[in-house]
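Presented below is the structure to which this report refers.
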Amino acid sequence: MTNLTRRTLMKGVAASGLASALGGQAAMAADEPLGITLVIPSPVGDVGWGHALAAGLEPVKAAYGDKVKVTVIENIQEGPDADRIMNKTVADGNNILIAGSFGYQNGALQIARRNPAVTVLHASGFQVAPNFSPFAAKYFQGTYLLGMAAAALSKTGKLGSVSAFAIPELITSINAFTLGAQAVNPDIEVSVVWVNSWFDPAKEQEAAKALIAQKCDVIFSNAQDTPSVIAACEEAGVYAFNLNSSMKSYAPKTYLGCVATDWSPFFKASVDAHVAGTFKGANAFLGVADKVVEVVDWNPDIPADIMTRIKEIEAKIADGSFSPFTGPITRADGSEAAASGATLTDGEIVAMDWHVKGVTTPLPK
């Protein structure tokens, strides 16, 4: 696997010229490997979102061997640079592009429309085209379970979340976390600090410390690509959990668990379909039943009776008989989101732009 950075790629873009970078797909010789490029906004590292995406391509490499060439381009901020770099990867002959950030959506979609022979997979978005599939994890299935554990361990009744951006994927994660906690303690409250970054260790650590100062004694690190929040909580003796990949080594005592993601089933199926010429763009919203989402590294401090309840709910989520977003659900503004017994649809979940009652921090405008 080749790892490239923004500096390396921008030199290439400058050398080839913007006109070339925006041009059509370069022809590939029949004996050349299939080029797969993953573009992400942060370093691959040993934990976090970028790490989980890159790890999801390992089974693809194992299955196809030298018939594929995987390139990971890291530290690419959303915006014009990302568009130019993604265009260049296609102009260079790569036939599968994985756009690994919500803010890459518009540029990646335009690439797909101009290059119908290219398959584009886009993280966390909502647009669909014949050769363009958005993909997202049902993190909320796992954060609901960890909310139950958090409420059982909290002494203050105050939980917190350090969150990246106020996009539906992260809002649903917070809401499910809150609902899971309220299933154990109805009086639970959740405070949120939005850091507006996927990768800012100093800001993330400051946010965690601010929540701890507000008496939050369990913290949800919501889409951070660094262990800053987890490490700060360990130092303060506060429980914490995160998404995507395990950070237990950074908090051996107070790590509550991880909503881990394994993207390999989706990536492998997408590559197989591209090779077979059968790929069709669709919205891939994947969870426990798809073996993409799994809660791991449960803390042994969680009371046995609560752990039993958690496992029962987890099994129901897996077989489809329970959804964290089954009513009654009340929004933070007091309006009804779901009546008793009613379950929000996937469409309503992926468009979620409101908090449930119990989340005390208003969404940014």
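The values are calculated or read from the model by the stated rules, or taken from the named source; none is laboratory data. Small disclaimer: the values here were computed from a predicted structure and weren't measured. Because the Cβ atoms are built from the backbone with ideal geometry, glycine has one as well, and the counts that use them run over all protein chains shown. Calculation scope for accessible area: heavy atoms of the full protein, side chains included, ligands and nucleic acids excluded. Shrake-Rupley method; radii C 1.70, N 1.55, O 1.52, S 1.80 Å.
Rounded to whole Å and ordered largest first, report the semi-axes of the equivalent ellipsoid of the range 245-290 derived from its Cα gyration tensor (root of 5λ).
Working: eigenvalues 221, 24, 8 Å².
Largest first, the range 245-290 gives 33, 11, 6 Å.
Assign unit charges at the C-beta atoms only (+1 for Lys and Arg, -1 for Asp and Glu), then state the dipole size of the chain relative to its Cα centre in Debye, rounded to the nearest 20.
Using only the charged Cβ atoms, the result is roughly 520 debye.
Counting only heavy atoms of protein chains, what accessible area per residue, in Å², does the range 38-77 have with a probe of 1.4 Å? Before the final figure, lay out each step's value.
Numbers: 1450 Å² over 40 residues.
That works out to 36 Å² per residue.
State the antiparallel share, in %, of DSSP beta bridges confined to the range 235-365, rounding to the nearest 5.
60 percent
Provide the convex hull volume over Cα atoms per residue for the chain, in Å³.
Each residue corresponds to 133 Å³ of Cα convex hull volume.
At 1.4 Å probe size, with the rest of the protein present, what percent of the exposed accessible area of the range 157-224 is carbon and sulfur atoms? Mind showing how you got there, number by number?
Numbers: 1130 of 2160 Å².
Within the range 157-224, the accessible surface is 52 percent carbon and sulfur.
Which one, T278, A208, Q110, projects farthest toward the positive side of the charge dipole computed for the chain from Cβ point charges (K/R +1, D/E -1)?
Of T278, A208, Q110, it is Q110.
Can you give me the angle between helix 168-184 and the longest principal axis of the chain, using Cα atoms only, in degrees from 0 to 90, rounded to the nearest 10?
The angle comes out at about 20 degrees.
Expressed as a rounded percentage, what relative contact order does the range 258-318 have, with Cα pairs under 8 Å and six or more residues apart?
That works out to 44 percent.
Run the paramagnetic zone check for K291: 7 angstrom along Cα to Cβ, then residues of the range 49-69 with backbone nitrogen under 14 Å.
Once the point is set 7 Å along Cα→Cβ of K291, 59-60 turn out to lie under 14 Å by backbone N, inside the range 49-69.
With axes computed from alpha carbons, what is the tilt in degrees of helix 105-114 against the longest principal axis of the chain, rounded to the nearest 10 within 0 to 90?
The two axes meet at around 30 degrees.
Note the per residue figure in Å³ for the convex hull of the C-alpha positions in the range 254-365. Please report the intermediate quantities before stating the final value.
Numbers: hull volume 19.0 nm³, N = 112.
For the range 254-365, the hull spanned by Cα atoms encloses 170 Å³ per residue.
Considering only protein heavy atoms and a 1.4 Å probe, what is the carbon-and-sulfur percentage of the accessible area of the range 97-155?
Ligands and nucleic acids excluded, carbon and sulfur give 51 percent.
With runs of 4+ DSSP H residues as the only contributors, calculate the mean residue ellipticity of the chain at 222 nm using -39,500 (n - 2.57) per run, divided by the residue total and rounded to the nearest 500.
When only DSSP H runs of four or more count, the value is -11500 deg cm²/dmol.
Averaged per residue, what accessible area in Å² does the range 321-365 show with a 1.4 Å probe, protein chains only?
I get 56 Å² per residue for the range 321-365.
Which whole-number percent gives the relative contact order of the range 208-365, counting Cα pairs below 8 Å spaced six or more residues apart? Write out the running numbers ahead of the final one.
Numbers: 203 pairs, mean separation 20.3, N = 158.
Answer for the range 208-365 is 13 percent.
In terms of modelled amide H atoms, which long-range or inter-chain residues lie less than 5 Å from the amide H of T343?
G327
Lysines near K248 by alpha-carbon distance under 28 Å, same-chain residues fewer than 8 away left out - which ones?
K61, K138, K155, K158, K203, K209, K215, K268, K291, K311, K316
Measure nothing but the geometry: give the 0 to 90° angle between the long axis through the Cα atoms of 304-319 and the longest principal axis through the Cα atoms of the chain, rounded to 10°.
On a 0 to 90 degree scale, this one is about 40.
Taking a probe of 1.4 Å, how large is the accessible area per residue of the range 181-240, in Å²? Walk me through the numbers before you get to the answer.
Values: 2310 Å² over 60 residues.
Accessible surface, normalised per residue, equals 39 Å².
When the solvent-accessible surface of protein heavy atoms is calculated with a 1.4 angstrom probe, in what order do T345, T71 fall, highest first?
Ranked from most to least accessible, the order is T345, T71.
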